Amino acid sequence: MLFTEDMGLDMTPVPSSFAIFQALLIGILIPIISSIIPIQSALAKNLNDSLDLNRSKSQAINVQILDPNKTNMGSYIVFGLVGVIYGLGIYYFLPLAMLPFNFALILEIFFAILIGMLYGLSLLAFNLQRFMEIFITYTLLFWEKSSMR
């Protein structure tokens, strides 16, 4: 009653037909999409292997014995130092610069954050490039085949 009087909102407890349509679409679409990969993996095997629940599905076991004296700890130390410097910059120096309105330090911190985001996004793009190329290639091939019909 307060929403209707103060803000002019008409709140009814019964959902609209569009909301029911969206709920049904999402409720049916999500299980169908999530079942595609298990169905494809089951169809890739023969019927006996797909229906056999007693045997293990793994085909081979790979065992690696690592010598703890020969591990390279340099990358862990560098990543830890970068994380500590980033944390200090965000949680200590940024509020410290905001209290006396030190705009030069605030802008330097924001610039460092933007450079870090650029570095992280470029690493993400570099790692996802192959998968995106494959996806786009198959998508274009599918569209080409469907347009030839």
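None of the figures in this text is laboratory data; all of them are computed from the coordinates on show. The model shown is predicted, which means the values in this text are computed figures rather than measured ones. So basically every Cβ, Gly included, is an ideal-geometry build from the backbone, and we count neighbours across all protein chains shown.
Looking at TYR138, ILE26, THR71, which one has the Cα that reaches farthest to the positive end of the dipole of the range 8-149 (charges on Cβ: Lys, Arg +1; Asp, Glu -1)?
TYR138
So, in nm, how far is label ASP49 from label ALA23 when the simple model puts each one 7 Å beyond its Cα toward the Cβ?
Result for the modelled spin labels: 4.3 nm.
Within the chain, which DSSP H helices have Cα atoms that stretch 20 Å or more along the helix axis and a mean Kyte-Doolittle hydropathy of at least 1.0?
Qualifying helices, which must be both long enough and hydrophobic enough, are 17-34, 74-88, 103-148.
If I model the range 85-149 as equal point scatterers sitting on the Cα atoms and use the Debye formula, what is log10 I(q)/I(0) at q = 0.11, 0.27 Å⁻¹?
Log10 of I(q)/I(0), two decimals: -0.50, -1.04.
Using only the Cα atoms, what convex hull volume per residue in Å³ does the chain have?
Hull volume normalised by residue count: 398 Å³.
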